[in-house]
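First up is the structure itself, then whatever we jot down about it.
The values are calculated or read from the model by the stated rules, or taken from the named source; none is laboratory data. Because the structure is predicted, anything quoted here is derived from the model rather than measured. All Cβ positions, glycine included, derive from the backbone under ideal geometry; neighbour counts span all protein chains shown.
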Amino acid sequence: MSAPRHPRAVHSAQTTSSPLRAVGVALATILTVAGCGNQASDSTGPASRSSAPSSAPTPSNPTSSAPAGQAPTEAKEQVTTAGIAALVTEHLGAGKVAAFGSYGDEPGTVDVMIRLRGGGRADNFIVTVYSPKRGGGEFKELTKCPRGKHAKRDKSTKRFTCHRLANGTTVTAYLVPYGFSDDNSRGHVVTGLAGAPDGSVTMALYESYDRSAPITVADVDKLLSDPRLIWMTDPAVNAAGKGLHVPRLRG
């Protein structure tokens, strides 16, 4: 399946009710174009200009207490914008993050917009976690590794990687050599998805307006491979982000 240079479906960015929805539509279109015929495999707007804290605590993995002789069970809670921000800071480094923000107006999603140092002012980086209900419905067929005759991807993707984690999550990451916004004729997109066994999905997408970007496919793959970046996460993840400023954005 060949891909047009600028998929028309992503142009709905100018008519959708929020930048978050626009990015979600764009990613779904890009992944559909790039992943035609995928089958299951066992192989493994910019953020607010407010300054981000210089550092964030590293989330740990606490467990709840259990009766003697029984293995402790992990306590879980829905991930928050602050929790996502903490994990992004942990993986990319505090020095790379300039600011965070969130639109927070989509049911069944938790999103964070990130401004990275070294990126263009028009660039967009978003990390969104979708609930099992949302993720399983919208991205189910897009979170599978290709196999057999479909293992060779078409020219619409570069540096493609796809693998399955020990917990059953499938992580896909790659570069699309063109932008998705109407006014981006010289950029590219670094993006990926992590589909968890419970149906929840995590998406990361960086749209650059030129041929450089302060984030790589390897960075996206590593971030999405973190088992804590999921709809129901460890409470320590959210607690670690409480000191980070994630203002509500308008748009």
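Below is a table of values for the structure above.
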item: Strands (runs of 3 or more DSSP E) (entirely within region 132-251) containing at least 3 residues that are surrounded by fewer than 20 Cβ atoms within 10 Å (Cβ to Cβ); result: 158-164
item: Residues within region 211-227 that are farther than 17 Å from Gly93 by Cα and either touching a helix residue (DSSP H, G or I) at 6+ places or on another chain (Cβ under 7 Å) or at pLDDT 95 or above (or both), tallied; result: 1
item: Positions within region 107-121 being within 17 Å of Gly83 (Cα to Cα) and either among the charged types (D, E, K, R) or surrounded by 16 or more Cβ atoms within 10 Å (Cβ to Cβ) (or both), in sequence order; result: Thr109, Val110, Asp111, Val112, Met113, Ile114, Arg115
item: Those residues of region 91-107 which are over 16 Å from Val129 (Cα atoms) and either over 15 Å from the mean Cα position of the chain (by Cα) or not in a helix (DSSP H, G or I) (or both), in sequence order; result: Gly93, Ala94, Gly95, Lys96, Val97, Ala98, Ala99
item: Candidates Leu223, Leu229, Leu244, filtered to the one that is hydrophobic (A, V, I, L, M, F, W, C) and in contact with a Ser or Thr (Cβ under 6 Å, 6 or more places away or on another chain); result: Leu229
item: Lone qualifier among Gly179, Gly187, Gly199 - being in contact with a Pro (Cβ under 7 Å, 6 or more places away or on another chain) and either β-branched (Val, Ile, Thr) or at pLDDT below 95 (or both); result: Gly199
item: Residue identified as closer than 19 Å to Lys140 by Cα and more than 12 Å from the chain's Cα centre (by Cα) among Pro235, Pro197; result: Pro197
